[in-house]
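The values are calculated or read from the model by the stated rules, or taken from the named source; none is laboratory data. Model, not experiment: these values are computed from the prediction. All Cβ positions, glycine included, derive from the backbone under ideal geometry; neighbour counts span all protein chains shown.
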Amino acid sequence: MKSNFLINRRTCLKGIGATLALPLLESMGWAEPDNGKPDKPPVRLGFMYMPHGVIMDQFWPADAQSFLSSPPPALESLRPVLDQCLLMKGISGVAIAPFNGAPHALELSTWLTAMLPDANTRNRINIGISADQIAANYVGGFTSLPSLELATMPQTHKENQEGLNEGYYTHCSFRSATQPVPAEINPRSVLNRLFGKSDRPGHIRQADPLDRQMLDLVIGGAKDLRKKLPQDDQHKLDEYLDSVRAVERRIAAIEFRQKEAALEKAGVSVSKRNASDSPPIEVKIPEGDKRSEYMQVMCDLNVLAFQTDTTRVSTYIGSTPNGVSYPELGFRNEHHSQTHHNNEAEKVRKVAAITAFNIAQFAYMVKKMHGLREGDGTLLDNCIMMWGSGLEDGNIHERKNLPFIIAGKGGGSINTGRFLPDTKGNQGDLLTTLLGCAGVPLDRPIGIATKQITEMTTRS
Amino acid sequence: MRMLGTFGSGVMTVALLGFAVSLTLPCKAEPADDADFVALQVDARKSFKEVVTPFVDTYCSRCHGQDRQRGGINFAPALKKPGESASSHRWKQAVAMVKSHDMPPDNAPKQPTEEERQKFLDGIGKIKFLSSKDPGAFVIRRLTKVEYGNTLHDLLGVDQKVADDLPDEVFGEGYLNTLSPLQSEQYLAIANEALDRILGPKDGTPTKAQKRLFGQTPGAGADERAAARKVARSLARNAYRRPPTDPELDVLVRVFDLARENKLAYPEALRLMLKAVLVSPQFLFITPAMEAESGRSIVPLDDHQLASRLSYLLWATMPDAELSTLADRGKLHEPAVLRAQVKRLLEDPRSRALFDGFGAQWLGLGSLEGKTFDTAKFPQMTGAMRSAMYDEARLFFESIVRENRSVVSLVDCDYTFLNGTLAELYGLDKKVTGPRWRKVKLTDANRGGILGMPGILAVTSFPDRTSPVKRGVWVLEQVLGEHVPPPPPNVPALEKQDKQTVENLTLRQRTELHVKDPTCANCHKVLDPIGFGLENFDAIGRWRDQDDAGGAIDAAGELLGGKRFASPKELKTIIAARTDDLARNVTEKLLAYALCRQLEGYDEIVVDNLMETIAKDGYRMQTLITEIVKSYPFTHRRIQEQQIASSHEK
C-alpha cells in the first residue's frame, strides 16, 4: 500500500513546525529554491466548510455530459466558473462508530484529518494532524503566515456528545494530534494581522528585529523551564515553543519584505510579481450584521492573502453545526433543525436554500480569484479551493457520498470542468490527492487514505 | 492515604488527615478508614466478578465482546481494566442503555430479568472503588482569554479589552489549553499595545505606571544591570505569580542587555524586558514554583500554584496581595486559611467571574446574546432585553452564593432581581420601572428559581416557539445531572402519520407522538413531561394560559416514579425535593469546571465524600465551593507520564 500513495519522498516531514526556520527566508518567493527555472506561481490550497450535508438530488449533476450546460440548482452560483470546477461523487467519509451519537462533532473534526479521535482519550483532543496543517508545515516557511484559519462563529459551543472533548465540535484544523488550531472570526483583526493596522492592503506594518531577538532569549528561558517539568507539562511547553518560533519566522518574513520594498524604492527590482498581475484587491469591512456580507469579507481576505502570497494555505469554517440561522433567506429556523426534514417539502426547501447560500459565498470567492491575473493565467489557476460538508445527508447522517466541490487547476495539476459520477475513494484519498497536486510531499497517507484518486488529476 | 501523609510539612499532614476523616463517615482514625475503603474495594471486586462480568458475557459479548464490536463498542478492554478512567465512559454508556431497556435489543436471544438488570447497575455503581487514588493531571495551564485580559489589567492597569482580539474559547470543563501561532502573535501584539498605552511615548516624561513598575532610573555611575535585575525580580514576581528563579532573572537581564547593546535608553530597555515577561510561558501559563521531587507520581500543589488556581477559579484574575503573601509564607494550603480565603474571595465583587465563567455556561446563558429569535413574533428580544435576562440570572446566582443559601434555592426561591426592561416579561412593569436593578419578592410561586427564569426559558426554546423536548433535556441534564442519550442516528419520521392529522394536533399532542413510537418512548416518556410542565411559559418566558393556536395550555404530567404535577409551581416543588441530585449535579459541574477537565474514575469517590460534608451543612453554596477548593484533586496533581495512544501521535 505504501508505495501507491507516495507522491514524492524528496522531503520527509517529521513532527510539527518542521523547523523550516529562518535561513529559508532568503529564498522566499515563488521560485523553487533549486531549479533555476523562471518564476512559477506557487499553488495555494483553500478549504471551506458547511455542516449537515446537502439535498442530494439538488446537488449532484444529472450526468457528466450535462454538468456544464445544466448544472443542478445548488451549483447555480458557480455557473460562470464551472469549467474551473471538478465534482466527484462517491467519496465516502470515515465510518464514525464508536461515536455514532456524535455525528456533528465527527463531521467537522474528521473533515480534514480523515480519521477518528482516539476513543480511549476522548475527553482530550487526540486525533491527527489535519491536511491543511500538513501543507502549512511544508509551504508555511515560504510566506509570512504559515496558514490562515477563519470561521464565521466563535468556537465556544459546548455540547458534550459521546464523552468527546467539546473542541471536536468546533475545530477542523489540528496542528498536531493534540493541538487544535483556533480560527479568527473578526475580519478587522484578520486584516490587521495580514497587513498591519493601516487598512491599506499590501502595506506591511513595521517589524521590530529586536522583538525577534527578544523572543529568541525568551525561547531559551522556556527551554530551561522545560527541563524541570514533568513530561505532560513539557508537551504543553513544546506547543508554546512551536508557536513562538512561528512568530519569530513571521517577524523575519516581514523584515525581509521591508528590505525588498526598500530596494524597490531605490530602483532595484526584486519583485517576483509580474507586471501583468492584478493589483491587490480592496477589502471593505461591512458595518451591518448580514451574514452574506460577513462571509464575503472573509472570502475577500482569503483572496487577498493568496494574491499577495501572504499565506498559501487557508481554512474557512463557513458555518458550524450548532444553532446557526440564516434570517437573510427569509426564515429563522436553525440549520440543524431543518436538516432532519424527513422529506417534508418546506424543510427540504430551506436546507436547499441554506446550501445554495453557502455555495454562493464560495462561488463569490473563486469567481474573484478567476478575475485576477497572475503570471500567464489567473489566480484561480494556481489555487486548489475545496468546498464541502462532513455529511452527505443531514436527515439520516449518511456519509457515503460526501459533497465536495474543487475549484481551480492547482497550477495545472487538476483536470477541471468535469463531473465524475462514479469515483471510488474516501475523504482521506481525496485530501492525499489534493496535497499531491499542491506539491506537498507526504511520508504517509492522510487518515484512512489508501491511494490517490488519479482520475481527478491531469496525469491520468 | 498514609503515603500522602509523608508529604511536606507537618501542617500538610494535618490537612490530609482532615481529608482522610471525611472519606467515610463513622470512623475517626486513619487506619480504620483504610480498612473501610479496603472492604469496599473487596466488595466491588466481588460484585464485578460475580455480577457484572457474567452479565456482560451473557447479554453483551455476542455483539460487543472479544473481536466483535457492533456499533464500534467492545467491552473487552473495560472488563480487563474496569477501574481505569478510559473505561468509565464505557460503563456510563452501558448504564444508560441497560437502564432505558435499549440494550440488549429486542431481537436478542435472551433478555435479563428486571432483577438482573438492577444488580448489574448496582455492580457498575461500585466500579468506582476499583479506581486507584488519583487527582488527575494538572498540566501547566494557559490563562484563558478572559483571565489573560483581567491579569493584564491587574498587573499594568490597562483595560481588559486590550485582549479582545484573541479568539474566544470555552473555559472550565472542555478547556482546550492549547496555543497556536495565531495566539502567540496576538500575545506579542497585545503586549506592545498595552505597553504603548501605559508607558507613553519614547523620551516623554515617565508615566505613573512607569514609575510604579520601573522605579527610578539609576544615576550616572550606578550599576544599572543590578538595578534592572531588581526591577526584573519585582515584575516577574507579580507576572509569574510566584518568586522567579535566578535563571529566569538571568534571561530577563539578557533581554535588558540586548536592548542596551542596541542603544536603547534605560527605560526603553526595561520596556523590552517587561515585554519579554509578558510573552514568557511563566506569565501565559500557571507554572509550578518548585521542581517536583523526582520519583513521585502525585504531589500537592505548591502554595503559589494553589493561590493561582484559587484566584483564577473565583476571580478569573491573578492572586491579590493577601493571597500572594499567604503563599509566600507557605500558609495557604492550611484548611482554615483556605476556607477563610474562599469566603473573602466570594464576598468580593470580582467573584462575579464565577457566574460569568461557570454559572452562565452551566445555565446555557452564554448563547443568549447571539441566539436568533423570530423578531416579528418577539419584538421584545432586543439587546437590552437579552442582557437584562442574563443579569437577572447573574444577580440571582450571586445572591445565593454571597448569602450562602442552600443549593435548593437555585430552583425554589421566592425572590428575583428585576429592572424595568425585564419586569415587562413578568407582568410587573407597573411596579418596577427604570434601569435600576432591585431585589423583588415574588408572590407567584410559578416564578422564583431557575426553572421560571426568562433567560433560561428563552435559550431552551426555538426561535419562534417553545420546545418541551429541549426544556426537558435541559432540566434533566443541567439541573438534575442525568445523562440523556442522543437520539438514534436514523430517527424514524413522526410524520408517517397522516399529515393532516398531525397538523391539527397541539404542540403537546404532537410531542406526545414520541411516546407512541417504541424507539423514542424510552427517553421521551421521561423528558417530555418536564417540558410540558413549563409550557405555561412562552418562548421568551412570559406567562400564558393559551398556546399560539389559542388552545388552553395543559401543563399537567407525571414523572417517572409516579409524582404528578399540574403546573410549573408543582413541577418546581418536585424537582426541588430532589436535593441530593441537585447538589451533586452542581458539585460535579463546578468541580469539573474548577479542574478544567471531565470527571472520571476516582473523581466519583471524591464527589461522594464532598457530598457528605456538603449535606451535613444544609447544602450551602459557600460550603460546596469551599469543599471543592479543599478537595484532593484541586490541591494535588499527578505528574507521572500520561499514556497517549501512540498510533495517534505524529
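What to note about this one:
- Lone qualifier among A:114, A:136 - being more than 9 Å from chain B (Cβ to nearest Cβ) and in a loop (DSSP other than H, G, I, E, B): A:114
- Restricting B:305, B:361 to residues that are under 27 Å from residue A:155 (Cβ atoms) and within 14 Å of another protein chain (Cβ to nearest Cβ) narrows the list to B:361.
- Only residues that are assigned to a loop (DSSP other than H, G, I, E, B), at pLDDT below 95 and on the phi < 0 side of the Ramachandran plot were counted across segment A:359-389, and they come to 1.
- Matching helices (runs of 4 or more DSSP H) fully within segment B:435-520 where at least 1 residues are at pLDDT 90 or above: B:454-459, B:468-474
- Residue A:111 fulfils the conditions (1) touching a Ser or Thr at 6+ places or on another chain (Cβ under 7 Å); (2) surrounded by 24 or more Cβ atoms within 10 Å (Cβ to Cβ); (3) within 22 Å of residue A:422 (Cα to Cα) except for a single criterion, (1).
- Enumeration of residues in segment A:216-268 that are among the aliphatic types (A, V, I, L, M), over 30 Å from residue B:638 (Cα atoms) and facing another protein chain (nearest Cβ under 7 Å): A:217, A:246, A:247
- Residue pairs meeting the criteria (Cβ under 6 Å; at least 6 apart or on separate chains; first among the charged types (D, E, K, R), in segment A:297-312; second surrounded by 24 or more Cβ atoms within 10 Å (Cβ to Cβ)): A:309/A:143; A:312/A:44; A:312/A:143
- Single residue of segment A:326-335 satisfying the filter (at pLDDT 90 or above and touching a Phe, Trp or Tyr at 6+ places or on another chain (Cβ under 8 Å)) that is farthest from residue B:377 (Cα to Cα): A:335
- Taken over segment B:68-97, residues that are closer than 21 Å to residue B:114 by Cα, facing chain A (nearest Cβ under 9 Å) and aliphatic (A, V, I, L, M) amount to 0.
- Only a single criterion out of (1) in a loop (DSSP other than H, G, I, E, B); (2) charged (D, E, K, R); (3) surrounded by fewer than 17 Cβ atoms within 10 Å (Cβ to Cβ) is not satisfied by residue B:197, namely (1).
- Residues being out of contact with any Leu (no Cβ under 8 Å at 6 or more places or on another chain), surrounded by fewer than 24 Cβ atoms within 10 Å (Cβ to Cβ) and not small (Gly, Ala, Ser) - total across segment A:114-138: 6
- Check on residue A:167, within 7 Å of another protein chain (Cβ to nearest Cβ), of a type in the set (Gly, Ala, Ser), in contact with a helix residue (DSSP H, G or I) (Cβ under 9 Å, 6 or more places away or on another chain) and outside any loop (DSSP other than H, G, I, E, B): yes
- The number of residues in segment B:535-552 that are assigned to a loop (DSSP other than H, G, I, E, B) and free of Cβ contacts under 8 Å to residues at least 40 places away in the same chain comes to 3.
- Test: residue in segment B:100-115 that is touching a residue at least 40 places away in the same chain (Cβ under 8 Å), within 12 Å of chain A (Cβ to nearest Cβ) and buried (at least 17 other Cβ atoms within 10 Å of the Cβ): no
- Segment B:241-286, residues that are at the interface with chain A (Cβ under 9 Å from one of its Cβ atoms), outside any helix (DSSP H, G or I) and under 22 Å from residue A:241 (Cβ atoms): B:245, B:279, B:280, B:285
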